[in-house]
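Enquirer: Got a structure here, written out as structure tokens. Questions coming.
The numbers here are math on the coordinates, done by the rules we state, and not lab data. The model shown is predicted, which means the values in this text are computed figures rather than measured ones. As a convention, Cβ positions derive from the backbone with ideal geometry for all residues, glycine included, and neighbour counts pool all protein chains shown.
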Amino acid sequence: MTAHFQTFLSAFVTLFIVIDPIMVAPIFAGLTRAEKAGRRFRIAFEAAFIAAAVLTFFGLFGGAMLHHLGISMAAFRTAGGLLLFLMGFRMFFEPDSETEAKTPGPKASARENIAFFPLAMPMLSGPGAIATIMLLMGHDKSLVEKSVALVAAYLVLAIGVLMMAFAGRIGEALGRTGMNAVTRLLGMLLMALSTQYIFDGIRTGVLGLPPA
């Protein structure tokens, strides 16, 4: 297994857990239940495109913003790790509350365009996803690592489009119990990954050592 593939796999797993297209699917189904199949797919594609633009922007320019504010990447890595750990904790112990946190209010389905809100933000490119892509594309990363992280993000969003396109069938197949089980598993993995981010931030910022 090459180093680039390992980097891609790590970025893909992390982004897949944070964005969680599996959990987005039933919410999307509820928001678009009155739409025709073609319209649902177009909404899903628009949402993924907007989310990709948001993540790309913060991935490319987020580091410069941190530098301008005087925030080190080690500090951001630690803070991002804490944020992702809280997300993972909630996903593991309260999967229903995590779903509710990403579910918009009752009037959201009546909006002219739900592709931007709530689908693109905060469901596909919320604070957790933005923090993750900034960590994966930090100034200490090589051009290849940054490119690999973007490819991983785009692949996760593409999977999200497919999940939303078949949202009704996925929700029926898994059911509430199945959705909660998957959410808990992803939450446990996210807590482990976020803990590594925290360790790396402390090693770099406090101890002056390179990340593990």
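Enquirer: Determine the distance separating the Cα centre of region 52-85 from the Cα centre of region 181-212; give it in Å without decimals.
Expert: What the calculation gives is 15 Å, centre to centre.
Enquirer: For SER147 and ARG203, calculate 0.36 nm times their separation in residues minus their Cα-Cα distance, and state this gained length in nm to one decimal.
Expert: Length gained, SER147 through ARG203: 17.6 nm.
Enquirer: Under a GNM of the chain (C-alpha, springs under 10 Å), which listed residue has the highest mean-square fluctuation: PRO118, PRO21, PRO127?
Expert: Judging by the Gaussian network model, the answer is PRO127.
Enquirer: Using only DSSP helix segments of four residues or longer, with each worth -39500 (n - 2.57), what per-residue ellipticity at 222 nm results for the chain after dividing by its residue count and rounding to 500?
Expert: So the helix-based figure for the chain works out to -26500 deg cm²/dmol.
Enquirer: Just to be sure I understand: if I project the alpha-carbon convex hull of the chain onto a plane and average over all orientations, what area do I get in nm²?
Expert: Hull-based average projected area comes out at 12.2 nm².
Enquirer: In region 1-71, which trypsin sites (Lys or Arg not before Pro) are in a loop and have at most 15 other Cβ atoms within 10 Å, using DSSP for the loop call?
Expert: ARG33, LYS36
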